[in-house]
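Beneath this line is the structure, given in structure tokens, with notes to follow.
The values are calculated or read from the model by the stated rules, or taken from the named source; none is laboratory data. Being a predicted model, the structure only gives us computed values, none of them experimental. Here the Cβ positions follow ideal geometry from the backbone for every residue, glycine too, while neighbour counts run over all protein chains shown.
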Amino acid sequence: MTKNIVLLPGDGIGPEIVTQAKKVLDKVAAKFKHTFNYQTHRIGGDAIDHEGTPLSDKTVDACKQADAILLGAVGGPKWEAIDPLIRPERGLLKIRKELGLFANIRPTKLFAQLKNACPLREDIVTNGIDFIVVRELTGGIYFGARKTETLPNGEKRAEDSMAYSESEIERIGRVAFELALKRNKKLCSIDKANVLDSSRLWREVMEKLSASYPSVAFSSMYVDNAAMQIIKNPAQFDVVVTENMFGDILSDEASTLAGSLGMMPSSSIASTNFGLYEPIHGSAPDIAGKNLGNPIGTILSAAMMLRYSFDMEEEAKVIEKAVETVLQAGYRTPDIAQKNAKDEKPVGTSQMGDAIANAI
């Protein structure tokens, strides 16, 4: 099978970690007799420096012609002082909108080999941590109307609006229910229906949609309670679905349970299963170019690409198994290393990529 992949290395450690993911994908292609063709394009600060914009039309067109996209990271202090409308992060918002990437899927899984890196108590960790946050990605407060004005008394006032339509909510809801069907048939919808009109509509649509999925155990939870429950009893969750801002916050909170942001993959998919895949961590400019970044989040994102966009379940599992094998062997990048651990093998970015590729 032949697939065309656009690589968007981006900023900071992005180029380093994408290189390792490509290394692993090439081993998978050889093992399963696939052909992966790559094009590399710019995004974020790298694109600003070379093309004057965080995402060029040329790059958008290339992405539209591809079968999937693998992205590294964007942003950094170098571009913090420029116009907010052309900051590196605007490239991410634009590509999500241009490509219709409305569903963000973020798995939170604690590998048994990293249980000591989890900040939770041992009795909580023992119950297991393995759930997915499905976040609506193109609506809500991040894309709503906004304004900043100066009142007659000279005081500034800012306003942001959170808006959702029934069709937007139903669309993301179906993604979550279908995902729950493939896992443990359990879905929790997160909202703030006791305060927000948008959340009341969200709950109404989700409850109505649940009737179409009678085999899925459905529940709703307020976002403040969910934030507490993710720490208190994460084992209760399997698939979680929520709106854009709540999903941003909760998935970042959940990511700490895996021991490091460097372990966390994600996908942003369209209705056609076309997707953009990226680790959830930032560009880490302080360690860029030093061979210190953890490439596992990017490598697991590549596994998600195989699963969700290419329907290559076996190939995805091979990558995930290789990661587990390497962790079991004691290989650790600095972010997941434990002090005074005698059985660990400290490695850098490229060495971790080599180890996982060799385990394919």
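Quick look at the values:
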quantity	calculated
Identity of the residue in region 220-232, surrounded by fewer than 14 Cβ atoms within 10 Å (Cβ to Cβ) and more than 22 Å from the chain's Cα centre (by Cα), that ends up nearest to I172 (Cα to Cα)	N225
Hits in region 32-81 - residues which are loosely packed, with under 12 Cβ neighbours inside 10 Å and touching a residue at least 40 places away in the same chain (Cβ under 8 Å)	Q65, P77
Any hit, region 82-94, residues being closer than 24 Å to S260 by Cβ, buried (at least 20 other Cβ atoms within 10 Å of the Cβ) and not assigned by TED's automatic domain parsing to the domain that holds Q229	yes
Any hit, region 174-194, residues being over 18 Å from I105 (Cα atoms) and more than 24 Å from the chain's Cα centre (by Cα)	yes
Condition met for E122 (over 16 Å from H281 (Cβ atoms), acidic (D, E) and under 22 Å from the mean Cα position of the chain (by Cα))	no
Test: residue in region 242-250 that is more than 30 Å from S161 (Cβ to Cβ), charged (D, E, K, R) and either touching a helix residue (DSSP H, G or I) at 6+ places or on another chain (Cβ under 6 Å) or surrounded by fewer than 21 Cβ atoms within 10 Å (Cβ to Cβ) (or both)	no
Close pairs (7 angstrom Cβ cut-off, 6 or more residues apart or separate chains): at pLDDT 95 or above in region 158-178, exposed (fewer than 14 other Cβ atoms within 10 Å of the Cβ) and among the aliphatic types (A, V, I, L, M) anywhere	S161/A145
Residue match in region 97-107 (condition: at pLDDT 90 or above, of a type in the set (G, A, S) and either more than 20 Å from S301 (Cα to Cα) or buried (at least 19 other Cβ atoms within 10 Å of the Cβ) (or both))	yes
Qualifying strands (runs of 3 or more DSSP E) (wholly inside region 102-191; at least 3 residues being within 17 Å of A254 (Cβ to Cβ))	103-109, 130-136, 186-191
